[in-house]
Amino acid sequence: METGLRNRIAIVAASSQGIGKATALAFAAEGAHLALCARRADPLTALAREIEGRYGVRVFTAALDVSDDAAVRDFVNRSHERFGRVDICVTNAGGPPAKPFLATTMEEWERAWQLNLRSVVSFAQAVIPFMQQQKWGRIITLTSYTVKQPVPELVLSNSIRVGVIGLVRSLAGQFGPDGITVNNVGPGFTATARAEELLEKRAAARNIHTEQIRQELLQEIPIRRMAAPEEVAAAIVWLASEQAACITGQTLLVDGGAYRGL
């Protein structure tokens, strides 16, 4: 399938590991040049070298925390200066801590808002003017299937990430006439360090082995396995492609059928 992504410029946030890293590699495989950010510089540098060696595309990296509004805007501007355009922006950030509601603190709520919602606002405000100038753009947010089906331990994520869906729908309506689509990808349980952490916490709370928790979880997923990060990345790349040009304001779940709603 021809995606039309060759020589496009794609920003991918939190791309040093997990789904973000898989997404960066997937875009590179399509011939897109990359602007990558994450909190740690060394994994980013290693990934950039791997991508440049394997795919021959250009890669710009910057170490930053996406909850830092000024740093996000500076990164987007430097990316535009480096490449002369910004076509795609994939917002991504680590999830807030897993804990019961009454154990959460106001500091954790503030951090969750800054990391998982305000960061999307920062990226969108920074990239949209460039996309308007070229009359083409793709913004893809990365949240979780918890925006449709809350997970008990993830009250912070359940709450904050739903705000991203409201933002996605709002931006899709406002900037569609400019040739900009805005969509969200909601992974279910995915084979990442984040999922392992949640399984371990569930096991500890019940004082049973993590493998038992894993098997119970898999029984709740119709395909009987977690998604691979590369499968989530494939959905992101498709939404950025020319084939998805008529899709905007939507949430695409990559959850193996775990969400049972209509």
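The values are calculated or read from the model by the stated rules, or taken from the named source; none is laboratory data. Fair warning: this is a prediction, and the values are worked out from it, not measured in the lab. A quick note on method: Cβ atoms are made from the backbone with ideal geometry, for glycine too, and the neighbour counts reach across all protein chains shown.
Let's see how each residue does on (1) modelled with pLDDT of 95 or more; (2) surrounded by 13 or more Cβ atoms within 10 Å (Cβ to Cβ); (3) under 21 Å from the mean Cα position of the chain (by Cα); (4) aliphatic (A, V, I, L, M):
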{"position": "ALA203", "(1), (2), (3), (4)": "no, yes, no, yes"}
{"position": "THR210", "(1), (2), (3), (4)": "no, yes, no, no"}
{"position": "ARG224", "(1), (2), (3), (4)": "yes, no, no, no"}
{"position": "ALA227", "(1), (2), (3), (4)": "yes, yes, yes, yes"}
{"position": "ALA235", "(1), (2), (3), (4)": "yes, yes, yes, yes"}
{"position": "ILE247", "(1), (2), (3), (4)": "yes, yes, yes, yes"}
{"position": "GLN250", "(1), (2), (3), (4)": "yes, yes, yes, no"}
{"position": "ASP255", "(1), (2), (3), (4)": "yes, yes, yes, no"}
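Return the total of residues in the range 229-243 being out of contact with any strand residue (DSSP E or B) (no Cβ under 7 Å at 6 or more places or on another chain) and either among the hydrophobic types (A, V, I, L, M, F, W, C) or in a loop (DSSP other than H, G, I, E, B) (or both). Let's see the steps before the verdict.
Step one: filter the range 229-243 for residues out of contact with any strand residue (DSSP E or B) (no Cβ under 7 Å at 6 or more places or on another chain), giving 230, 233-234, 237-238, 241-243.
Then drop every residue that is not either among the hydrophobic types (A, V, I, L, M, F, W, C) or in a loop (DSSP other than H, G, I, E, B) (or both), which leaves 233-234, 237-238, 241.
Counting residues in the range 229-243 that are out of contact with any strand residue (DSSP E or B) (no Cβ under 7 Å at 6 or more places or on another chain) and either among the hydrophobic types (A, V, I, L, M, F, W, C) or in a loop (DSSP other than H, G, I, E, B) (or both) gives 5.
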Pick from the range 71-102, criterion assigned to a loop (DSSP other than H, G, I, E, B) and at pLDDT 95 or above, ranking: nearest to ALA240 (Cα to Cα): ASP87
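Take LEU199 and decide whether it is buried (at least 16 other Cβ atoms within 10 Å of the Cβ), assigned to a helix (DSSP H, G or I) and at pLDDT 95 or above.
No, not satisfied.
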Filter pass, SER67 being part of a loop (DSSP other than H, G, I, E, B) and either of a type in the set (Gly, Ala, Ser) or out of contact with any strand residue (DSSP E or B) (no Cβ under 7 Å at 6 or more places or on another chain) (or both): yes
Residue count for the range 115-157, restricted to those that are assigned to a helix (DSSP H, G or I) and of a type in the set (Val, Ile, Thr): 7
Odd one out for THR192 among (1) among the hydroxyl-bearing types (Ser, Thr, Tyr); (2) modelled with pLDDT of 95 or more; (3) out of contact with any strand residue (DSSP E or B) (no Cβ under 8 Å at 6 or more places or on another chain); (4) buried (at least 16 other Cβ atoms within 10 Å of the Cβ): (2)
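When the residues of the range 152-177 are narrowed to those that are more than 18 Å from the chain's Cα centre (by Cα) and surrounded by fewer than 16 Cβ atoms within 10 Å (Cβ to Cβ), which ends up modelled with the lowest pLDDT?
Our first condition is that a residue be more than 18 Å from the chain's Cα centre (by Cα); within the range 152-177, this holds for 152-153, 155, 170, 173-177.
Narrowing further to those that are surrounded by fewer than 16 Cβ atoms within 10 Å (Cβ to Cβ): 152, 170, 173-174, 176-177.
Numbers: PRO152: 86, SER170: 98, GLY173: 98, GLN174: 98, GLY176: 98, PRO177: 98.
Among those residues, the one meeting the criterion is PRO152.
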Of residues in the range 178-196 being part of a helix (DSSP H, G or I) and in contact (Cβ under 8 Å) with a residue 60 or more places away in the chain, the one nearest to the chain's Cα centre (by Cα): ARG194
